[in-house]
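Here's the structure, in structure tokens; my notes come after.
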Amino acid sequence: MPQYLSAKEFRDRLPTIPEDLKRWKEIIVLNKSRPAFRVVPFEETPGDLLDRAGSLPDPTQPDLQELSRIVHAIRKME
């Protein structure tokens, strides 16, 4: 659930914001009782679409452990 802070509260809490984000996951800063901006934790995901696609597992392709099992099964048959 997001935590709502006024702009003044946000400025006052600025040194503790990283710890607050771990606890609250999202902070919405209000200016004159209206949402001004949202603060969320930084995600370590690639920004480029091709890099992002490369980091996702392909369900149609076997992973290395599955390939290893297949190779060992073939070697046992020989």
Inset, instruction - From (1) modelled with pLDDT under 90; (2) β-branched (Val, Ile, Thr); (3) in a helix (DSSP H, G or I), pick out the condition that doesn't hold for THR60. - result: (3)
Inset, instruction - Identify, from the list ILE74, ILE27, ILE70, the residue that is at pLDDT 90 or above and farther than 30 Å from GLU9 by Cα. - result: ILE74
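The values are calculated or read from the model by the stated rules, or taken from the named source; none is laboratory data. Computed from a predicted structure; not experimentally measured.
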